[in-house]
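These notes are about the structure you will find just below.
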Amino acid sequence: MTTTTAVRPTPPRPPAAAPGKRPTGSRAKAWATRAPLLPALVFLIVVTQLPFVATLVISFFDWNSLKPDQRDFTGFANYGSVFTDPALRESVLTTVLLTATVVIVSVVLGLLFALLLDRAFFGRGFVRTLLITPFLIVPISAALLWKHALYNPEYGLFNGALTWFGNLFGIESVAQPEWTSEMPLMAVAAALVWQWTPFMMLILLAGLQSRPAETLEAARLDGAGPWQMFRFLTLPHLRRYLELGVLLGSVYIVQNFDAVFTITAGGLGTANLPYTVYETFYRAHEYGLASAVGVVVVIGTVIIATFALRVVSSLFREEASRA
């Protein structure tokens, strides 16, 4: 006899969600999580992006505020003037030279101070506080301090120190240089180096204090000297921190306006791109050309900031892998 077994029909499965699509519940949950951030996002777009779009549109016009009825669309002519006009081209070169000088000197001095503060000595906390102080001063106040308290040829500290040393060694007449007129670009660079060295020092000090102690101790036991440890252990470890300091410093210093405006008023070959934007917009009333210069500054800053963000993300990845 043959026994027949009844086969139960398989209940239909619910349709699978299409690949790449989230369920409705998770999508609503994601929007509920992001909803509190929407006002901040809208505020950021209104405050930053809309003015930039307006600046970008104005940069394509020949627009002088003294002739408001004569506005002509010129395409990329203003951008061509940025790189072909001798004065604007000189401001580009001045910006590059000033930024490179300040960043390199600040990084070198910051590394020296960071190596000093990485050692234990009496009063290290007090010395660290003093070294950080210049970075906490308002930029315009720092520029005024250097212009009047240090550079002034009549009562400035620098010329006073030269007179004191001259009297100490029996020199009757000591040269009293006009710092801001005889060496203007160096005067601006020195003020910026003084203010930005603490920033570099903090970044590099954080890198020094994140070195693995086991590796340093093993190098000491193997007979490595201070220079060998610095060259083969400390410097490779600080490579990312040095890159981060250089990139972040470049982002901020390329936009510096306070020191140039306060110390030299953009004269004697010290006008950088931010000061040129100010001169073109507020003095010459050339809105289109000033907007083109501003867009060039923003694009350059965004390129540098992109590299800075990549360095920061790589630093976080390295720290996460070590943890």
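The values are calculated or read from the model by the stated rules, or taken from the named source; none is laboratory data. Keep in mind the model is a prediction, meaning the values are calculated, not measured. Neighbour counts run over all protein chains shown; Cβ positions are idealised from the backbone, glycine included. Protein only, heavy atoms only, side chains kept; ligands, DNA and RNA dropped before computing areas. Shrake-Rupley method; radii C 1.70, N 1.55, O 1.52, S 1.80 Å.
General observations
- Any hit, the range 229-238, residues being within 30 Å of residue 145 (Cβ to Cβ) and of a type outside the set (A, V, I, L, M): no
- Every pair of residues 6+ apart whose Cβ atoms lie under 7 Å, when the first sits in the range 138-167 and is without any contact (Cβ under 8 Å) to a residue 40 or more places away in the chain while the second is assigned to a helix (DSSP H, G or I) and open to solvent by 60 Å² or more (accessible area, probe 1.4 Å): 149/157; 150/157; 150/158
- Restricted to the range 149-164, and to residues there that are within 24 Å of residue 258 (Cβ to Cβ), assigned to a helix (DSSP H, G or I) and open to solvent by less than 80 Å² (accessible area, probe 1.4 Å), the residue that is modelled with the lowest pLDDT is 159.
- Among the residues listed as 66, 88, 109, 98, the single one being in contact with a His (Cβ under 7 Å, 6 or more places away or on another chain) and either part of a helix (DSSP H, G or I) or open to solvent by 20 Å² or more (accessible area, probe 1.4 Å) (or both): 66
- Verdict on residue 56 being out of contact with any helix residue (DSSP H, G or I) (no Cβ under 8 Å at 6 or more places or on another chain) and either under 16 Å from residue 298 (Cα atoms) or at pLDDT 85 or above (or both): no
- Every residue from the range 168-216 that is over 25 Å from residue 113 (Cβ atoms), part of a helix (DSSP H, G or I) and either polar (S, T, N, Q) or in contact (Cβ under 8 Å) with a residue 40 or more places away in the chain (or both): 180, 181, 184
- Search result, residues across the range 282-321 that are among the aromatic types (Phe, Trp, Tyr) and within 30 Å of residue 182 (Cβ to Cβ): 282
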